[in-house]
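Reading through the structure tokens given below for one structure.
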Amino acid sequence: VAFVLSADLTTDYVKATIHGDLYGHNVLVDRRKETWLIDFARACKGPILQDYASFEIFLRITSAQCTDWDKLQVWEQSLLDIANLSVCVLPAELATDPAIQKAHRAVLKIRELAFRENMQTTEKAYLISLLFNALKSFTVMSLPAIQRYHALFSAALIAEKLHTLNVL
């Protein structure tokens, strides 16, 4: 939180009509495996990356059912340590963890869509969006404590990455 209050977290972004509340409970999959978005009550104009980032954070904290913080740190770092956020390789030591494998594939798919639709997207803009969504997820009291702490842990690592990009 101290980082967020002191860092320069401004960036250019594309404004578009967004869902505004894109989390797993607003995505339905029917019997034919077709996907439907519901609950457009918060649809509004906003940063085009907002929906992608909020859905990614939701997937990261709910899909990776892992209580091994060392594994989570390795995975979270792998999602941040590269110049091109849309292409990141799952570390070999995590290849045997099916929950992390599944979550990693889901995150890569979300990023593929985000970056394909928004080629001008910068790493900084996406990271800032991820940071604020992770912090927001930490405050959702209906989430289990382990998922809220995962969101906070993720936010801390994202803040550290942003700091290395010289936004302070």
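The values are calculated or read from the model by the stated rules, or taken from the named source; none is laboratory data. From a predicted model like this one, the values you see are computed outputs, not experimental measurements. Note that each Cβ is placed from the backbone with ideal geometry, even for glycine, and that neighbours are counted across all protein chains shown. Note: areas computed on protein heavy atoms with side chains; ligands, DNA, RNA excluded. Shrake-Rupley method; radii C 1.70, N 1.55, O 1.52, S 1.80 Å.
Quick notes on this structure:
- Just one of (1) within 11 Å of the chain's Cα centre (by Cα); (2) open to solvent by 70 Å² or more (accessible area, probe 1.4 Å); (3) of a type in the set (D, E, K, R) fails for Arg111. It is (2).
- Conditions (1) closer than 20 Å to Leu22 by Cβ; (2) of a type outside the set (Val, Ile, Thr); (3) open to solvent by 60 Å² or more (accessible area, probe 1.4 Å); number of the one not met by His163: (1)
- Helices (runs of 4 or more DSSP H) within region 1-81 that include 1 or more residues touching a strand residue (DSSP E or B) at 6+ places or on another chain (Cβ under 9 Å), modelled with pLDDT of 85 or more and within 26 Å of Ala145 (Cα to Cα): 50-63
- So Ser142, is it farther than 21 Å from Gly46 by Cβ and of a type in the set (Ser, Thr, Tyr): yes
- Matching residues, region 128-147, being touching a residue at least 40 places away in the same chain (Cβ under 8 Å) and farther than 12 Å from Val4 by Cβ: Ser129, Leu130, Asn133, Ser137, Leu143, Ile146, Gln147
- Number of residues in region 130-146 that are open to solvent by 20 Å² or more (accessible area, probe 1.4 Å) and not hydrophobic (A, V, I, L, M, F, W, C): the value is 4.
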